[in-house]
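What follows is one structure encoded as structure tokens, with my remarks underneath.
The values are calculated or read from the model by the stated rules, or taken from the named source; none is laboratory data. All values derive from a computational prediction rather than experimental measurement. Cβ placement follows ideal geometry from the backbone for every residue including glycine, while neighbour counts extend to all protein chains displayed.
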Amino acid sequence: MTDAFEVRRRTGLYVLLAVVCLGLAGGFGWLAYDRDDYVLVAPAVVLAVVGLSYLRGVGDPRTPLFVADDHGIRLRAEQGWVGLLWSELGEIKVERREGLVHDPRIKVVSTDGQRFFTSPLGVATNVSPAEAEVQLAQRRPAAAY
């Protein structure tokens with residue numbers, strides 16, 4: 001029995017980005033107040049919203065986004081968790097970055113092809129796409145029953 005493969009958020013990165021955005025928002029807010037130039041309130045508000053949205057990514061750092069083990073996979077979906085046995089998977093693949101629009105991700109398709117789920121990879125997670133390909137290839141053939 002092998003250890004589970006897990007994809008987790010890099011919470012330190014989210015915290016750093018949130019602090020930088022909130023610091024810049026405070027700076028723009030102070031400039032707007034100090035100079036009586038309320039045009040500077042717009043970037044302050046935008047940076048504050050971005051900073052607060054990064055704080056949502058901190059969440060519970062112990063909770064993985066994706067787990068693959070000898071039995072199957074589990075991943076965070078929009079409304080909770082989804083779990084599938086290896087025998088219930090039609091396809092599982094790692095999709096690389098496509099330009100600036102699509103970040104790398106793990107794509108899981110059910111055997112009937114009706115349902116698909118994705119989990120992020122890349123800079124914001126602790127796993128690279130190359131490592132995910134290797135880890136998933138090692139687990140699926142051994143556990144496909």
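Here are a few things to note about the model shown:
- Matching residues, the range 34-52, being modelled with pLDDT under 90 and small (Gly, Ala, Ser): none
- Unmet requirement for Trp86, which otherwise passes all of (1) in contact (Cβ under 8 Å) with a residue 24 or more places away in the chain; (2) within 15 Å of the chain's Cα centre (by Cα): (2)
- Residue within the range 13-25 that is part of a loop (DSSP other than H, G, I, E, B) and either under 21 Å from the mean Cα position of the chain (by Cα) or hydroxyl-bearing (Ser, Thr, Tyr) (or both) present: no
This table checks each residue for (1) of a type in the set (Phe, Trp, Tyr); (2) not assigned by TED's automatic domain parsing to the domain that holds Leu121.
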{"site": "Tyr14", "(1), (2)": "yes, yes"}
{"site": "Leu52", "(1), (2)": "no, yes"}
{"site": "Asp70", "(1), (2)": "no, no"}
{"site": "Arg76", "(1), (2)": "no, no"}
{"site": "Trp86", "(1), (2)": "yes, no"}
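- If you go through the range 38-67 and keep only what is out of contact with any helix residue (DSSP H, G or I) (no Cβ under 7 Å at 6 or more places or on another chain), assigned to a loop (DSSP other than H, G, I, E, B) and without any contact (Cβ under 8 Å) to a residue 60 or more places away in the chain, you end up with Gly59, Asp60, Arg62, Thr63, Pro64.
- Among the conditions (1) more than 19 Å from Leu136 (Cα to Cα); (2) touching a helix residue (DSSP H, G or I) at 6+ places or on another chain (Cβ under 9 Å), the only one that Leu89 does not satisfy is (1).
- One residue stands out in the range 60-74 among those that are modelled with pLDDT under 85 and of a type outside the set (D, E, K, R): the one that is nearest to Val15 (Cα to Cα), namely Pro61.
- Taken as a whole, the structure places Asp103 among residues that are within 30 Å of Arg56 (Cα to Cα) and modelled with pLDDT under 85.
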